[in-house]
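Novice: Take this structure, written in structure tokens, and hold onto it; I'll ask about it next.
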Amino acid sequence: MDRHRDLSWIQLRGSPKEIGRTYGKAFKQIFIAHSEALRERLKFYDSVSLEEARLNQLETLQKHFPYLAEEMNGIAEATGLDPRIVQLAHVTIDRVVKESIAPRPKLDGDQKNDCSNIIFTNSDRGPLLGKTLDGSSKNGPDRLMAKISPKNGHGMLVMMYLGKLNAETGVNEKGLAVGNSSIHFNSMNPRGINRQLLIRLLLQECANTEEGIEFLKKYGPINSGYNFMLLDKNGDAANVERSPTDYCIRRPRKGVLFCVNHCVCENMTRDERLAMGMERHLNSKARWANFQNIASREDFEMAFETMKNILRNHASPGGICQHGFAGMYTSTSFILIPLEGKMLFTVGSACQSEFQVLSFD
Ligand SMILES: [Zn+2]
């Protein structure tokens, strides 16, 4: 289990029930501790509205992706937890569920993440997707690196959130890599799917970028959204700006495609909400300008070393490797290599840590 330094690691395989049971058994105490904390948090919300949100997502999953509901049942079995609390851990709550005590107190779980992503459609190691995971805590969230081999669907290497099925980024055995950057909207879709579960579903359901685009046209998040980054081993790439109600597809220019924490397409900016405040919004704009700058340099070359250097970039303003700008810190950086079936990642910022390798072999 300790194959990778400093981060938890797990291998999951088999039927949905087996996957859930294995995960639940391996991290039983963490699941129990998280659900106790969740129960405390949920006291500030209206119970009728909460139950409605739980059933909405459960029905959507049972109709389209029943294996995720089954994995949650497996977790409940192995941990002895009520299946409803396991389901609630995957429900999007803020702005979706009515608060019973307003304003509710600030809680630890309120931390939000920002990220930068950049794709090279080709390089000395094939297509590359580079990504940071930035947040307001220096240590970052509880990350779980996993290799999942589901009975039905594509096998994947994925970074998950410990104690949940939620995922952040990964690459599957067909050679599709998926990244993301948070974006926020006014609209909501109560019948949608938690956006971090959408990352997992994309990896399990889709073999290439085209399939990923079609998937995201059909399925959207409940609240907020993502700049989804899709890259396959053939170098086909897309950024799908996805809100609860709308989407827009952007394609690479001269082999390069990047996204940060704001929308570019006009149909999306009309609905966009500056949820993280003006300082974070300006930080996102500065990272965008920095990416533009880097990609337009005369000596710019789409190479593996260039990708590493971008993830260690400290331009001011707009550094991709963040050390407290607008209160944000990079806790993990990733390079996904679909052609090699590898996910490289750091524990800590990319400028201070070496990349570790997770592969299908
Ligand atoms: Zn740095």
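The values are calculated or read from the model by the stated rules, or taken from the named source; none is laboratory data. Treat the numbers as computed from the prediction; the structure is a model and nothing was measured. Methodologically, a virtual Cβ is constructed for each residue, glycine included, from the backbone with ideal geometry; neighbour enumeration extends over all protein chains shown.
Novice: Please indicate, with yes or no, whether at least one residue in the range 14-29 is hydroxyl-bearing (S, T, Y), over 22 Å from I148 (Cα atoms) and either surrounded by fewer than 16 Cβ atoms within 10 Å (Cβ to Cβ) or in contact (Cβ under 8 Å) with a residue 60 or more places away in the chain (or both).
Specialist: no
Novice: Which residue is modelled with the lowest pLDDT, if the candidates are limited to the range 96-151 and must be within 18 Å of the chain's Cα centre (by Cα), among the polar types (S, T, N, Q) and assigned to a strand (DSSP E or B)?
Specialist: Within the range 96-151, the match that is modelled with the lowest pLDDT is N113.
Novice: So which residues in the range 179-196 are more than 18 Å from P141 (Cβ to Cβ) and either not assigned by TED's automatic domain parsing to the domain that holds I222 or not small (G, A, S) (or both), if there are any at all?
Specialist: I183, H184, F185, N186, M188, N189, P190, R191, I193
Novice: Looking at M343, M278, M302, which is the one that is under 17 Å from N261 (Cα atoms) and either crowded, with 22+ Cβ neighbours inside 10 Å or more than 13 Å from the ligand (Cβ to nearest atom) (or both)?
Specialist: Numbers: M343 fails: under 17 Å from N261 (Cα atoms); M302 fails: under 17 Å from N261 (Cα atoms).
Residue meeting the stated conditions: M278.
Novice: So, in the range 331-350, exactly how many residues are in a loop (DSSP other than H, G, I, E, B) and either in contact with a Leu (Cβ under 7 Å, 6 or more places away or on another chain) or over 17 Å from F304 (Cβ atoms) (or both)? Talk me through it step by step, then tell me what you get.
Specialist: Initially, the range 331-350 is screened for residues in a loop (DSSP other than H, G, I, E, B), giving 338-341, 346-350.
Those left that are additionally either in contact with a Leu (Cβ under 7 Å, 6 or more places away or on another chain) or over 17 Å from F304 (Cβ atoms) (or both): 338, 347-350.
Qualifying residue count, the range 331-350: 5.
Novice: Related question: Would the range 249-257 turn up any residue that is within 17 Å of the chain's Cα centre (by Cα) and crowded, with 20+ Cβ neighbours inside 10 Å?
Specialist: no
Novice: Working only within the range 152-167, note down all residues that are in a strand (DSSP E or B) and surrounded by fewer than 21 Cβ atoms within 10 Å (Cβ to Cβ).
Specialist: Step one: of the range 152-167, the residues in a strand (DSSP E or B) are 156-161, 167.
Passing the criteria: only Y161.
Novice: Has the range 281-289 got at least one residue that is closer than 15 Å to K131 by Cα, away from the ligand (no atom under 16 Å from the Cβ) and either buried (at least 19 other Cβ atoms within 10 Å of the Cβ) or not assigned by TED's automatic domain parsing to the domain that holds F215 (or both)?
Specialist: yes
Novice: Now for a separate question. Give just the number: which of (1) surrounded by fewer than 16 Cβ atoms within 10 Å (Cβ to Cβ); (2) in a loop (DSSP other than H, G, I, E, B) does Q11 not satisfy?
Specialist: All conditions are met except number (2).
Novice: Out of all the residues in the range 305-328, which are surrounded by 19 or more Cβ atoms within 10 Å (Cβ to Cβ), more than 9 Å from the ligand (Cβ to nearest atom), modelled with pLDDT of 95 or more and within 17 Å of A286 (Cβ to Cβ)?
Specialist: I310, G318
Novice: Still on this structure, I have one more. Evaluate the following for R251: is it of a type in the set (K, R), more than 16 Å from I118 (Cα to Cα) and more than 15 Å from the ligand (Cβ to nearest atom)? Spell out the reasoning first.
Specialist: On the way: of a type in the set (K, R): yes; more than 16 Å from I118 (Cα to Cα): no; more than 15 Å from the ligand (Cβ to nearest atom): yes.
No, not satisfied.
Novice: Now, a different point. How do the pairs read when you match residues in the range 138-163 that are in the same structural domain as D114 (by TED's automatic domain parsing) and within 24 Å of N208 (Cβ to Cβ) with residues anywhere that are among the polar types (S, T, N, Q) and part of a loop (DSSP other than H, G, I, E, B), using Cβ under 7 Å and keeping only pairs 6 or more apart or on different chains?
Specialist: K151/S15; M160/N166
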